[in-house]
Amino acid sequence: MQHAKTAAQARPASHLFYQTSGRRPLIDRAEGIYIWDAQGRRYIDGSSGSMVCNIGHGNARVLAAMQEQMARATIAYRLHFENEPAEELARELSALMPAGLDRVFFCSGGSEAVESCLKLARQYAVAIGEAERYKVISRFPSYHGCTLGALAVTGYTPLTSPFAPMLRAMPSIPAPTCYRDRDDLDMHARGLRYADMLEARILEEGPETVLAFIMEPIGGASTGALVAPDSYYPRIREICDRYGILLIHDEVLSGAGRSGRYLAGEHWSARPDLIALSKGLAAGYSPLGAMVAARAITAPVLAAGGFAHGHTYAGNPLACSAGRAVLHELQTQDLLGNAEHVGTYLRQQLESLMDRFSFIGDVRGKGLLLAFEMVADRASWATLPPELNAYQRVVDLAYERGLIVYCRRTRGGLAGDHILVCPPLIITREQVDELMALLVDTLAAFAREAGLE
Ligand SMILES: Cc1ncc(COP(=O)(O)O)c(C=O)c1O
């Protein structure tokens with residue numbers, strides 16, 4: 001790392017700006033689960049970037065498909081031309097969605113996909129004569145994107161608080177962190193209890209004002225792969241149906257195969273009305289997002305004059321050609337099967353860390369959407385002292401060892417520490433062993449440094 005830092009410092013001052021004070025090395029190339037920096041150092045991409053590169057880096061078939069499309073047309077503005085990659089990808093995606101969800105709107109990322117869901121939901125309510133509905137209930141913690149609309153339904157305090165006066169305040173309910181609850185209820189009952197908080201909130205707000213409920217079927221960065229008890233999912237659907245509220249699944253991170261199913265909601269046969277997709281959809285080969293909507297929702301909106309929303313790059317042929325080729329890889333290489341099988345193995349390995357490191361409180365997730373949470377005390381779930389910055393330290397120590405993992409704070413961004421371990425879905429068991437060796441070394445170094453041995 002010293003070596004990499006020196007190389008980074010030797011580079012000319014950057015005109016780019018971002019949040020971090022330090023500079024990371026320049027990337028040189030990437031292939032499979034590995035990335036090399038400009039100094040020739042190799043890293044295991046243990047988080048697929050930000051849980052994006054599901055099919056691994058440098059896939060020659062995807063690059064060839066993109067090159068073929070690039071030679072034909074890289075842009076086709078939708079008011080001037082239709083394009084085949086967008087048409088075909090929409091058809092192929094529709095075949096993978098729950099029954100009735102077969103209308104697709106493409107965009108360029110996750111925040112745009114979420115914004116699209118929020119705006120279509122609103123236009124639907126207006127179109128069917130329920131214009132008083134505008135509130136979107138979300139969960140805390142959660143992450144739905146950084147644009148102002150998506151941020152208004154995001155529950156992660158450091159990201160939302162600077163913008164609070166600019167945001168339309170939206171109601172929220174606690175995310176189902178049942179694993180931390182200390183009561184006599186079993187998980188089934190706890191799942192129902194958290195779902196019923198939605199009903200209580202709807203009644204408090206006035207059901208006629210509530211437009212939608214947005215949730216990540218498996219949590220992403222903000223909760224660290226939070227999975228609710230099985231009882232939660234059908235109860236949420238029942239409650240939404242009871243009050244005529246649309247259910248939006250944000251599958252930006254959990255979708256496109258990461259959990260071992262194309263949609264994470266499939267683990268519970270969930271039936272949302274709107275789905276946001278991005279990240280793994282084109283797996284980092286091109287910026288691409290999508291909203292998939294039930295035809296019953298798009299029809300009244302179209303009849304009322306159309307969706308008053310759009311982006312210049314919506315349905316971009318190059319991005320959609322990447323999306324098609326990525327989907328083809330998922331299907332022909334059985335990457336969902338690999339995510340499930342190798343994910344089970346990786347999960348066992350992560351769970352075994354709990355014997356060695358007492359500060360690992362929980363391991364959770366599905367498929368290759370996995371995370372572990374670090375705590376001061378497993379019995380009370382007390383967090384590690386926030387000033388220890390455990391989440392960031394573990395990431396940095398791993399980076400020094402050539403392993404990339406992803407971190408966030410568990411309790412809404414202010415305290416709590418979790419690490420996401422989400423390698424590309426092509427990872428083999430042998431590569432999991434390689435990743436784990438680096439992770440064990442990282443955690444041992446962290447334990448020594450933090451005095452947690
Ligand atoms: C669940 C979820 N929704 C939305 C987003 C926003 O996506 P993007 O960063 O592509 O705008 C993210 C990004 O991390 C996400 O994890």
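Can we say Thr147 is surrounded by fewer than 22 Cβ atoms within 10 Å (Cβ to Cβ) and under 23 Å from the mean Cα position of the chain (by Cα)? Write out each step before concluding.
Details: surrounded by fewer than 22 Cβ atoms within 10 Å (Cβ to Cβ): yes; under 23 Å from the mean Cα position of the chain (by Cα): yes.
Criteria met by Thr147.
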Failed condition for Val52, given (1) among the β-branched types (Val, Ile, Thr); (2) within 27 Å of Gly402 (Cβ to Cβ); (3) away from the ligand (no atom under 16 Å from the Cβ): (3)
Any hit, the range 214-224, residues being assigned to a helix (DSSP H, G or I), within 16 Å of the ligand (Cβ to nearest atom) and either in contact with a strand residue (DSSP E or B) (Cβ under 6 Å, 6 or more places away or on another chain) or of a type in the set (D, E, K, R) (or both): no
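Would you be able to tell me the number of residues in the range 271-307 that are under 26 Å from Gln69 (Cβ atoms), within 16 Å of the ligand (Cβ to nearest atom), touching a residue at least 60 places away in the same chain (Cβ under 8 Å) and not charged (D, E, K, R)?
To start, the set of residues in the range 271-307 that are under 26 Å from Gln69 (Cβ atoms) comprises 275-293, 307.
If we keep only those that are within 16 Å of the ligand (Cβ to nearest atom) as well, we get 275-292.
Filter once more, so that each one left must be touching a residue at least 60 places away in the same chain (Cβ under 8 Å): 275-280, 283-292.
So of that shortlist, the ones also not charged (D, E, K, R) come out as 275-278, 280, 283-292.
Residues in the range 271-307 being under 26 Å from Gln69 (Cβ atoms), within 16 Å of the ligand (Cβ to nearest atom), touching a residue at least 60 places away in the same chain (Cβ under 8 Å) and not charged (D, E, K, R): 15 in total.
Counting just the residues of the range 283-309 that are small (Gly, Ala, Ser) and touching a Leu at 6+ places or on another chain (Cβ under 9 Å), which one comes out modelled with the lowest pLDDT?
First, the residues of the range 283-309 that are small (Gly, Ala, Ser): 283-284, 286, 289-290, 293-294, 296, 299, 303-306, 308.
If we keep only those that are touching a Leu at 6+ places or on another chain (Cβ under 9 Å) too, we end up with 283, 286, 289-290, 293-294.
Values: Ala283: 98, Ser286: 98, Gly289: 98, Ala290: 98, Ala293: 98, Ala294: 95.
The selected residue is Ala294.
Determine which member of the set Glu387, Glu400 is of a type outside the set (A, V, I, L, M, F, W, C), more than 23 Å from Tyr179 (Cα to Cα) and at pLDDT below 95.
Of the residues listed, the single one that is of a type outside the set (A, V, I, L, M, F, W, C), more than 23 Å from Tyr179 (Cα to Cα) and at pLDDT below 95 is Glu387.
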Residue tally, condition in a loop (DSSP other than H, G, I, E, B) and away from the ligand (no atom under 16 Å from the Cβ), over the range 243-260: 4
Top-ranked residue in the range 356-384 [being at pLDDT 95 or above and among the small types (Gly, Ala, Ser); ranked as nearest to Leu420 (Cα to Cα)]: Ala371
Residue list for the range 375-407, filter: more than 22 Å from the chain's Cα centre (by Cα) and part of a strand (DSSP E or B): Asp377, Ala382
Any hit, the range 308-325, residues being under 13 Å from Gly257 (Cβ atoms), within 16 Å of the ligand (Cβ to nearest atom) and crowded, with 17+ Cβ neighbours inside 10 Å: yes
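The values are calculated or read from the model by the stated rules, or taken from the named source; none is laboratory data. Nothing here was measured: the structure is a model prediction, and the numbers come from that model. Reconstructed Cβ throughout: ideal geometry from the backbone, glycine too, with neighbour counts over all protein chains shown.
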